[in-house]
Amino acid sequence: MADALGGAAAAPLNAPAPPRRLVPMSTVDPAGHRDRLRARLLAGGGDGFHDYELLEYLLGLAIPRRDTKPLAKQLLDEFGNLPALLAASPAELARVEGLGPGAAAAIKFVEALALRALRTAALDRPVLAGWQALTDYLHAAMAHRTTEEFRVVFLNNRNMVMRDEAMGEGTINAAPVYPREIVKRALELGASSLVLVHNHPSGDPQPSRDDIAMTRAIIEAGRHLGLSVHDHVIIGRGGHVSMRAQGLL
């Protein structure tokens, strides 16, 4: 009904307010949110962030026009935690819906950068004086692998790391190891001693009987050539075990 002046009729005083229009999340510009995340990080460091917030900012660099918080949470749900996500293979990442090659590469670049920093810290001092730095690096590199890998850290006569090389990669519970090949490589490098390392994808770092037998075979193969084995470290998700500390060498 029109009023006396010809205008539209006024709404009754007790009429309900019109419903609020919800803005779909997909239409929200993420730039302001990322600006706030960046400001928080630069002002206070990363300790105050949830894992998904750090990850969503990284993903946003590769997917700038998309709200990446849901994808960040999805990735953490799928892989369990940040270390496992960073250790995931490109093939495993490619199976995640919504994670393109650019974002997958960003994740692998972060892993490579972190491992490079840990490896550098482990290499700049005698290994026995920097044992914690070495095991930190090895844990980051191997603890979340889904297959078993055998690595050898070659040391010179001052116990400095010369090379860190994978010498065997296998299945979920075994990796081929050839003592003669390990000794041959040590002689090629001019190494004086070794630290043997492998991971247990099961998560339990306790050495098996096969681990002990294989370690003793390597020790025997190097004995007559003056090549010693400092330790055999077994890496699990929750920590590591030193066979020397357990009296097994």
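Applying the selection to region 71-90, what residues are in contact with a helix residue (DSSP H, G or I) (Cβ under 9 Å, 6 or more places away or on another chain), surrounded by 15 or more Cβ atoms within 10 Å (Cβ to Cβ) and not aliphatic (A, V, I, L, M)? Answer for region 71-90, where residues must be in contact with a helix residue (DSSP H, G or I) (Cβ under 9 Å, 6 or more places away or on another chain), surrounded by 15 or more Cβ atoms within 10 Å (Cβ to Cβ) and not aliphatic (A, V, I, L, M): Lys73, Glu78, Phe79, Pro83.
Apart from one condition, Ala133 fits all of (1) modelled with pLDDT of 95 or more; (2) within 30 Å of Ser192 (Cα to Cα); the exception is (1). Is there any pair with a first residue in region 182-200 that is among the charged types (D, E, K, R) and a second that is not in a loop (DSSP other than H, G, I, E, B) whose Cβ atoms are under 8 Å apart and which are 6 or more apart or on different chains, and what are they? Pairs that qualify, where the first residue is among the charged types (D, E, K, R) and the partner is not in a loop (DSSP other than H, G, I, E, B), are Arg185/Val152; Arg185/Phe154; Arg185/Glu165; Arg185/Met167. Candidates are the residues of region 157-177 that are crowded, with 16+ Cβ neighbours inside 10 Å and not aliphatic (A, V, I, L, M); the one that is nearest to Thr135 (Cα to Cα) is Asp164.
Restricted to region 206-238, and to residues that are free of Cβ contacts under 8 Å to residues at least 60 places away in the same chain and part of a strand (DSSP E or B), which residue is nearest to His139 (Cα to Cα)? If we take residues in region 206-238 being free of Cβ contacts under 8 Å to residues at least 60 places away in the same chain and part of a strand (DSSP E or B), then Ile234 is nearest to His139 (Cα to Cα). Scanning region 120-154 for residues that are surrounded by 19 or more Cβ atoms within 10 Å (Cβ to Cβ) and within 24 Å of Lys184 (Cβ to Cβ) returns Val127, Leu134, Leu138, Ala141, Met142, Glu148, Phe150, Arg151, Val152, Val153, Phe154. Within region 198-242, the set of residues being of a type in the set (Lys, Arg) and surrounded by fewer than 14 Cβ atoms within 10 Å (Cβ to Cβ) comprises Arg209, Arg223. Among the candidates Ala112, Ala105, Ala141, the residue that is closer than 23 Å to Pro201 by Cβ, hydrophobic (A, V, I, L, M, F, W, C) and assigned by TED's automatic domain parsing to the domain that holds Arg38 is uniquely Ala112. Restricting attention to region 96-110, the residues that are closer than 17 Å to Asn81 by Cβ and either surrounded by fewer than 19 Cβ atoms within 10 Å (Cβ to Cβ) or of a type in the set (Phe, Trp, Tyr) (or both) add up to 3.
Yes or no: region 100-114 includes at least one residue that is within 18 Å of Asp231 (Cβ to Cβ) and free of Cβ contacts under 8 Å to residues at least 24 places away in the same chain. No, region 100-114 has no match at all. Checking each residue in region 239-249 for being touching a residue at least 40 places away in the same chain (Cβ under 8 Å) and more than 27 Å from the chain's Cα centre (by Cα) picks out only Leu248.
The values are calculated or read from the model by the stated rules, or taken from the named source; none is laboratory data. Bear in mind that the values here come from a model prediction, so they are computed numbers and not experimental data. As a convention, Cβ positions derive from the backbone with ideal geometry for all residues, glycine included, and neighbour counts pool all protein chains shown.
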